[in-house]
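To start, the structure under review is shown below, and the notes come after it.
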Amino acid sequence: ESRAVPVWIREAFPNLVNFSSSLQVYNVYMAGRQLCSKRYREFAILHQNLKREFANFTFPRLPGKWPFSLSEQQLDARRRGLEEYLEKVCSIRVIGESDIMQEFLSESDENYNGVSDVELRVALPDITTVTVRVKKNSTTDQVYQAVAAKVGMDSVTANYFALFEVINHSFVRKLAPNEFPHKLYVQNYTSAVPGTCLTIRKWLFTTEEEVLLNDNDLAVAYFFHQAVDDVKKGYIKAEEKSYQLQKLCEQRKMVM
């Protein structure tokens, strides 16, 4: 079974040229999410492991190894070749979801003198997204704190929101404090959710608590946009409030 898997590969250190190609590091993105950073030899090892595991599959050519320094043009050609290779093999579902590929897309321990940084894109209730740079092994709490700081959310308001995983558009799950959001990126890179599987949602259950935040413009905006989105997705029923909600949308120039 085949499927389209958008893949981007970028040089981690694009300003370094004319050095041994074995030192070149590539950041791997799938569906807009940075999953890992790899050296060329790790792609070569992946290629050999996949050929052994899927002997009946005709694999595309992997860009060849070159023992000397590469020019900027040669480095870019190699990058594009690796990008095309990964896109083709991951388009085959049984290969893309295999243990070999999943292990490759997880960050290896050898990279960059310790735990590497990754970029995580997180959806916000107002239908925008924010990108934060955190350590690969950052926990839910650490990622959430980074997002709150990026959007200018104060500590009081932050108590009323939380980080969730989006599952196939129809279900959201609140992440436990000690989970690792980057692992979800790796596990969900082929999901139907465009761009990210992480989202910020409100985490309170009484109108009395919401009233306490009436003077907080950011909280009110997030409450409103989430309510509109929840109605559209059928999470909640507006019923007799639907006309009022429609009018509020018109005032804010939103489309329900």
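The values are calculated or read from the model by the stated rules, or taken from the named source; none is laboratory data. Note that the structure is a prediction, hence the values are computed from the model and not measured. Positions of Cβ are backbone-derived with ideal geometry, glycine not excepted, and every protein chain shown enters the neighbour counts.
Overview of results
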| quantity | calculated |
| --- | --- |
| Among the candidates Ser108, Ser91, Ser37, residue that is at pLDDT 80 or above, closer than 27 Å to Ser138 by Cβ and not assigned by TED's automatic domain parsing to the domain that holds Phe180 | Ser37 |
| Selection count where residues are touching a residue at least 60 places away in the same chain (Cβ under 8 Å) and buried (at least 16 other Cβ atoms within 10 Å of the Cβ), scope segment 130-172 | 4 |
| Subset tally (residues that are touching a helix residue (DSSP H, G or I) at 6+ places or on another chain (Cβ under 9 Å) and either under 18 Å from Val134 (Cα atoms) or not in a helix (DSSP H, G or I) (or both)) for segment 150-170 | 9 |
| Thr131, sole failed condition from (1) touching an Asp or Glu at 6+ places or on another chain (Cβ under 7 Å); (2) part of a strand (DSSP E or B); (3) farther than 30 Å from Ser91 by Cα | (3) |
